[in-house]
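Here the structure comes first, spelled out in structure tokens, and everything after it is commentary.
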Amino acid sequence: MLKITGNTWRYAPDDVPLLDWREAGLRKPCVVRCDKVARITADDIAWDDTPVYGRLSHQDALRVAVKVMEIQKRADSESR
């Protein structure tokens, strides 16, 4: 799980700005903090009580996935 925040003023290199934030149903521009990963299982989520604020566009989801893969590749090479 990745953090999405409207605090876009604190832009970090591993942040991905959501270009389609309006289409995603968000109220203001947001970024995904790709370096803030929380490892959870489906059992950790109370699905009936979890609000859905929106859905990422295909374009934004792909950009986030690419950034996460870049971060993982960088971490793998640093651990060698």
Members of the range 40-62 that are modelled with pLDDT of 80 or more and part of a loop (DSSP other than H, G, I, E, B): 40, 41, 55, 56, 57
Only one of (1) surrounded by 12 or more Cβ atoms within 10 Å (Cβ to Cβ); (2) of a type in the set (A, V, I, L, M, F, W, C); (3) touching a strand residue (DSSP E or B) at 6+ places or on another chain (Cβ under 9 Å) is not met by residue 38, so which one is it? (1)
Is the range 5-14 home to any residue that is at pLDDT 90 or above, among the hydroxyl-bearing types (Ser, Thr, Tyr) and under 16 Å from the mean Cα position of the chain (by Cα)? yes
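Which of the residues belonging to the range 4-37 are in a loop (DSSP other than H, G, I, E, B), touching a residue at least 40 places away in the same chain (Cβ under 8 Å) and of a type outside the set (D, E, K, R)? Let's see the steps before the verdict.
Step one: filter the range 4-37 for residues in a loop (DSSP other than H, G, I, E, B), giving 6-14, 18-30.
Adding the requirement that they be touching a residue at least 40 places away in the same chain (Cβ under 8 Å) leaves 14, 18-20.
Across the range 4-37, the qualifying residues are 18, 19.
For the structure I just gave you, tell me whether residue 42 is more than 25 Å from residue 74 (Cβ to Cβ) and free of Cβ contacts under 8 Å to residues at least 60 places away in the same chain. Walk me through it before giving the result.
Details: more than 25 Å from residue 74 (Cβ to Cβ): yes; free of Cβ contacts under 8 Å to residues at least 60 places away in the same chain: yes.
Here the answer is yes, as residue 42 does meet what is asked.
The values are calculated or read from the model by the stated rules, or taken from the named source; none is laboratory data. Remember, it's a predicted structure, so these values are computed and weren't measured experimentally. Methodologically, a virtual Cβ is constructed for each residue, glycine included, from the backbone with ideal geometry; neighbour enumeration extends over all protein chains shown.
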